[in-house]
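Since the structure comes first, as structure tokens, the remarks are kept for the end.
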Amino acid sequence: MTVTIVGSQLGDEGKGGVVDLYGDAADVVVRYQGGDNAGHTVVEGDEEYKLSLVPSGAVRDKVGVLGNGCVVNPETLFDEMDALRERGLDPDVRLARRAHVIFPYHRALDGIEEEAKSDSDAEVGTTGRGIGPTYEDKVGRRGVRVGDLLDPDVLREKLEYVVPQKRALAEEVYGVETGEEFDVDALYEQYREYGERLAEEDMTVDAGDFLGDRIDSGKNVMFEGAQGTVIDIDHGNYPYVTSSNPTAGGAATGTGVSPGVVGGGEVIGIVKAYLTRVGSGPLPTELGGVAGDTPGYDEQGEGENEELAEYIREEGGEYGTVTGRPRRVGWLDVPMLRHAARTNGFTGLAVNHVDVLAGLDEVKVGHSYDLDGEELFTMPATTERWGRCEPNLRSFDGWEDVDWDAVAEQGYDAIPANARRYLDYVSDQLDTDVYAVGVGPGREQTVVLEDPFE
Ligand code: GDP
Ligand code: IMO
Ligand code: MG
């Protein structure tokens, strides 16, 4: 069977931790979209792993697959695998031959376009990994795929077509000087070598066949979503999104496994008990703001909500896994979660970071929005309208800080009563059972109610 792990908010909900939690029963762990913009944390005992490309199952020695929906920077992949080997792991990673390849010119163009947009305060705040430009080339039918790296003649031909276009774009449209990252010969040499290593280590697969064969023989497959529903290119707050489909449908199109198989398995929505966002775009329940990212917010303000945001950021360690940027913080946004539940068809929820809110007198949620005098229960489709939504807040009595390790051991009833009320509310609103409650970053610091593979 399959279990799909999907971020229900804006990324960083703790997906890596949940993949690790349930990963023991999986035979293969598959990323279906995104690239090294992701930063997934797994904490096993005293060891913390931050993974950008290698699927989180590597910590448990599971075969990892990067599906055709991913964009792969071979340099970061090999660096990450080498770093994991140095730490004593033995990552077994297979790449879909249909996945697209990130080149240095994609990264350069990511930065160039963000810079150009910043003149009008329109930058997205991307991770700078070249994700958007690579997906542009994929959709524009001029991309280079992993399979092309294995055939030097094909690689050369594709680079000779595309690189001069990219160089002209950088130089003539944006007026930027270019270097080696736009040089066909240099790129060809470097990427041909990556192709050789991929071939030597027998790392490439037809992902659909590889996974289909395993599913047919009764193996368990876990799909590890990156990013989150509200930064999905189709279902998120466009244009403040990433360029792929983190939502559950992406698990089918991004791997070659049929929608029936994905939908016939479990789809677990990962929910952070509050909200964080890295980068630009609206956030109706935001507390305070982060200069440079929160629209219209230039310097650090003061006040009760700012202090609260700062408190939650520090308690939760809310700094970007990839970029180290401070994350914007807000109350849980329930219209956002209703949108996510409908788009993804969650069969279960994992609610993380319940420990981080402990000790507050009061915990609020945005229950609905007010927009031009109308009450909305889900997100409007345009970002302009979403940005004008005022949250109707609901207040919950806070819960005390307790020995969360003991709670994780004792089970659900040991969770403070007020936190259980909060969890019941979320579960009721989404009409979905809570499968797991995160009470700390470690594998053991989770209250498990259901194992989706059982
Ligand atoms: P991902 O991108 O969704 O995998 O999430 P990240 O790894 O970027 O960010 C989640 C952070 O929160 C990581 O540092 C995790 O170790 C940590 N974390 C996950 N679940 C919990 C939890 O329940 N409580 C606390 N305090 N931290 C958690
Ligand atoms: P994980 O998998 C949070 C955000 C960026 C930016 C926007 C577009 O760790 O949850 P991109 O580089 O993808 O073109 O940037 O998306 N973003 C993430 N935010 N978690 C992530 O991944 C993210 N990956 C991209 O901050 O706003
Ligand atoms: Mg992350």
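State yes or no: is A108 in a helix (DSSP H, G or I), closer than 20 Å to K166 by Cβ, touching a Lys or Arg at 6+ places or on another chain (Cβ under 9 Å) and among the aliphatic types (A, V, I, L, M)? Write out each step before concluding.
Working: in a helix (DSSP H, G or I): yes; closer than 20 Å to K166 by Cβ: yes; touching a Lys or Arg at 6+ places or on another chain (Cβ under 9 Å): yes; among the aliphatic types (A, V, I, L, M): yes.
So A108 fits the description; yes.
In the stretch 412-430, is there at least one residue being assigned to a loop (DSSP other than H, G, I, E, B) and loosely packed, with under 15 Cβ neighbours inside 10 Å?
Within the stretch 412-430, the first condition is being assigned to a loop (DSSP other than H, G, I, E, B), and the residues that meet it are 415-416.
Checking the rest, the ones that are also loosely packed, with under 15 Cβ neighbours inside 10 Å come to none.
The answer is no; no qualifying residue exists.
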Within the bounds of the stretch 187-196, is there any residue that is of a type in the set (S, T, N, Q) and part of a helix (DSSP H, G or I)?
-> yes
Check whether at least one residue in the stretch 241-251 is part of a loop (DSSP other than H, G, I, E, B), away from ligand 1 (no atom under 16 Å from the Cβ) and either free of Cβ contacts under 8 Å to residues at least 40 places away in the same chain or of a type in the set (D, E) (or both), and report yes or no.
-> no
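From G411, G366, G348, G398, which residue is at pLDDT 95 or above and at positive phi? It would help to see each step written out before you state the result.
On the way: G366 fails: at positive phi; G348 fails: at positive phi; G398 fails: at positive phi.
From the options G411, G366, G348, G398, the qualifying one is G411.
Kindly evaluate G57 against the criterion of being out of contact with any Phe, Trp or Tyr (no Cβ under 8 Å at 6 or more places or on another chain), under 19 Å from E201 (Cβ atoms) and either within 15 Å of ligand 2 (Cβ to nearest atom) or not β-branched (V, I, T) (or both). Working first, answer last.
On the way: out of contact with any Phe, Trp or Tyr (no Cβ under 8 Å at 6 or more places or on another chain): yes; under 19 Å from E201 (Cβ atoms): yes; either within 15 Å of ligand 2 (Cβ to nearest atom) or not β-branched (V, I, T) (or both): yes.
Here the answer is yes, as G57 does meet what is asked.
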(1) in contact with a Phe, Trp or Tyr (Cβ under 7 Å, 6 or more places away or on another chain); (2) under 16 Å from N237 (Cα atoms); (3) modelled with pLDDT of 95 or more; (4) in a loop (DSSP other than H, G, I, E, B): which one isn't true of L283, the others all being true?
-> (1)
Name every residue in the stretch 256-314 that is surrounded by fewer than 22 Cβ atoms within 10 Å (Cβ to Cβ) and on the phi > 0 side of the Ramachandran plot, in order of residue number.
-> G256, G292, G296, G303
The stretch 79-106, residues that are surrounded by fewer than 17 Cβ atoms within 10 Å (Cβ to Cβ) and within 30 Å of G179 (Cβ to Cβ) = D79, D82, A83
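Which ones in the stretch 363-381 are assigned to a strand (DSSP E or B) and of a type in the set (A, V, I, L, M, F, W, C)? Full working, then the answer.
The first filter runs over the stretch 363-381 and keeps only residues assigned to a strand (DSSP E or B), leaving 363-371, 374-376.
If the condition is that a residue be assigned to a strand (DSSP E or B) and of a type in the set (A, V, I, L, M, F, W, C), then V363, V365, L371, L376 are the ones that fit.
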Spot the failing condition for E44; the list is (1) out of contact with any Pro (no Cβ under 9 Å at 6 or more places or on another chain); (2) of a type in the set (D, E); (3) within 16 Å of ligand 2 (Cβ to nearest atom), and only one is missed.
-> (3)
Within the stretch 244-255, tally of residues that are buried (at least 24 other Cβ atoms within 10 Å of the Cβ) and either in contact with a helix residue (DSSP H, G or I) (Cβ under 8 Å, 6 or more places away or on another chain) or of a type in the set (D, E) (or both) | 7
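For the stretch 74-91, does any single residue satisfy the condition of being within 16 Å of ligand 3 (Cβ to nearest atom) and either closer than 21 Å to G212 by Cα or not assigned by TED's automatic domain parsing to the domain that holds T134 (or both)? Before the answer, list the steps.
To start, the set of residues in the stretch 74-91 that are within 16 Å of ligand 3 (Cβ to nearest atom) comprises 76, 80.
Filter once more, so that each one left must be either closer than 21 Å to G212 by Cα or not assigned by TED's automatic domain parsing to the domain that holds T134 (or both): 76, 80.
Looking for residues that are within 16 Å of ligand 3 (Cβ to nearest atom) and either closer than 21 Å to G212 by Cα or not assigned by TED's automatic domain parsing to the domain that holds T134 (or both), one finds at least one in the stretch 74-91, hence yes.
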The one condition R385 fails out of (1) more than 16 Å from ligand 2 (Cβ to nearest atom); (2) touching a Lys or Arg at 6+ places or on another chain (Cβ under 6 Å) is (2)
Test: V184 is away from ligand 3 (no atom under 16 Å from the Cβ), closer than 14 Å to T2 by Cα and outside the structural domain of F377 (by TED's automatic domain parsing) = no
Within the stretch 347-406, track down each residue that is crowded, with 20+ Cβ neighbours inside 10 Å, without any contact (Cβ under 8 Å) to a residue 60 or more places away in the chain and charged (D, E, K, R).
-> none
If we only count strands (runs of 3 or more DSSP E) wholly inside the stretch 1-69, which ones have 2 or more residues that are more than 10 Å from ligand 1 (Cβ to nearest atom) and among the hydroxyl-bearing types (S, T, Y)?
-> 2-7
Would you check if E307 is at pLDDT 90 or above, farther than 28 Å from A248 by Cβ and either outside the structural domain of C389 (by TED's automatic domain parsing) or not β-branched (V, I, T) (or both)?
-> yes
Among the residues of the stretch 290-337, write down those that are among the charged types (D, E, K, R) and either within 16 Å of ligand 3 (Cβ to nearest atom) or touching a residue at least 60 places away in the same chain (Cβ under 8 Å) (or both).
-> D293, R313, E318, R325, R327, R328, D333
Residues being at pLDDT 95 or above, small (G, A, S), within 20 Å of the chain's Cα centre (by Cα) and assigned to a loop (DSSP other than H, G, I, E, B) - total across the stretch 262-280 = 1
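The values are calculated or read from the model by the stated rules, or taken from the named source; none is laboratory data. Note that the structure is a prediction, hence the values are computed from the model and not measured. Ideal geometry is used to build each Cβ from the backbone, glycine not excepted, and the neighbour counts take in all protein chains shown.
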